[in-house]
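Reading through the structure tokens given below for one structure.
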Amino acid sequence: MRIHYLQHVPFEGLASIEQWATKKDYILTATKFYNGETLPSVDDLDWVIVMGGPMNIYEDDKYPWLTLEKHFIKEAIKKNKIVTGICLGSQILADVLGSKVYKGQEKEIGWYPIEVTTEAQKYPVFASFPTSLFVFHWHGDTFDLPSGAVRLAYSEVCPNQAFIYGDRVLGLQFHLESTKDSIRQIIENCVSELVAGKYIQKPEEMLARDDNFSNINTAMYGILEYFTTFMK
């Protein structure tokens, strides 16, 4: 299994996904755009994971690599690769698939529940997913559901939290990969976003939910294991 991930900032890496891939002894490579790294050939990969970041998907003028990244993801989807987008990654996926990405009615930062749709229960990728789960959020933008995609999850403030397109393209606006250390890094680098808000928690609240970390990582591993079935 050849997994390639796209990383936008130094403080938003794979977290628990890296632990999983390392235990599986999969080939793991990366394009770290903040270091000016170039993209590989899509043909050399089985799976593309698109990580998060504080930028917006429409800031191509500020981050020229966004344009290249979108073309790369579009090609990966066209060539039937597994593609998983997390947070910003899900918004890039939505944009590539032709839907609108825009500022949400509220920022969601911290641990808030998502609800799984009835449609999601028909899809093996969410087969072992609980109907409701506290997940970690850090986003201000959101997206409309892409044409041809199926909505998998929603929250009180955000109607589109997860979607699947075909059977190999998955967008998760929330974080299941997070560990206490990865959240601590985001807090340290994005502390200016922690203003008063209905759905914005304080740092100590985010880091105190030990059970939540175990729950989201278990859910993440279930999704990852599902996608490995395409390679057998």
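The values are calculated or read from the model by the stated rules, or taken from the named source; none is laboratory data. Quantities reported herein were computed from a predicted structural model and do not represent experimental measurements. All Cβ positions, even for glycine, are placed from backbone atoms using ideal geometry, and neighbour counts span all protein chains on display.
Condition test on G171, is it within 17 Å of the chain's Cα centre (by Cα) and assigned to a strand (DSSP E or B)?
When the stated conditions are applied, G171 passes them.
Counting only residues that are over 21 Å from V169 (Cβ atoms) and surrounded by 15 or more Cβ atoms within 10 Å (Cβ to Cβ), which one in segment 32-54 is modelled with the lowest pLDDT?
Looking at residues that are over 21 Å from V169 (Cβ atoms) and surrounded by 15 or more Cβ atoms within 10 Å (Cβ to Cβ), I get P54.
Is segment 212-224 home to any residue that is loosely packed, with under 15 Cβ neighbours inside 10 Å, under 24 Å from W47 (Cβ atoms), in contact with a helix residue (DSSP H, G or I) (Cβ under 7 Å, 6 or more places away or on another chain) and touching a residue at least 40 places away in the same chain (Cβ under 8 Å)?
The answer is no; no qualifying residue exists.
What number of residues in segment 210-232 are in contact with a Lys or Arg (Cβ under 9 Å, 6 or more places away or on another chain) and more than 21 Å from T22 (Cα to Cα)?
Residues in segment 210-232 being in contact with a Lys or Arg (Cβ under 9 Å, 6 or more places away or on another chain) and more than 21 Å from T22 (Cα to Cα): 1 in total.
Just one of the numbered conditions (1) surrounded by fewer than 18 Cβ atoms within 10 Å (Cβ to Cβ); (2) in contact (Cβ under 8 Å) with a residue 60 or more places away in the chain; (3) part of a loop (DSSP other than H, G, I, E, B); (4) of a type in the set (A, V, I, L, M, F, W, C) is not true of F134; which one?
Every condition holds for F134 apart from (3).
Return a yes/no flag: does segment 183-191 have any residue that is farther than 16 Å from T117 by Cα, among the charged types (D, E, K, R) and in contact (Cβ under 8 Å) with a residue 40 or more places away in the chain.
Yes, segment 183-191 contains at least one residue that is farther than 16 Å from T117 by Cα, among the charged types (D, E, K, R) and in contact (Cβ under 8 Å) with a residue 40 or more places away in the chain.
Return the residues of segment 169-199 that are among the small types (G, A, S) and in contact with a Ser or Thr (Cβ under 9 Å, 6 or more places away or on another chain); say none if nothing qualifies.
Selection gives G171, S178, S182.
Restricting the search to segment 52-103, which residues are in a loop (DSSP other than H, G, I, E, B) and under 22 Å from T229 (Cα atoms)?
Correct list: K79, N80, K81.
Can you tell me which of K79, K74 is surrounded by 16 or more Cβ atoms within 10 Å (Cβ to Cβ), touching a residue at least 12 places away in the same chain (Cβ under 8 Å) and under 19 Å from P146 (Cα atoms)?
K74
Is there a residue in segment 223-231 that is farther than 25 Å from Y26 by Cα and modelled with pLDDT of 95 or more?
no
Inspect segment 180-188 for any residue being buried (at least 18 other Cβ atoms within 10 Å of the Cβ), of a type in the set (S, T, N, Q) and in a loop (DSSP other than H, G, I, E, B) and give the result as yes or no.
No; the residues of segment 180-188 include none that is buried (at least 18 other Cβ atoms within 10 Å of the Cβ), of a type in the set (S, T, N, Q) and in a loop (DSSP other than H, G, I, E, B).
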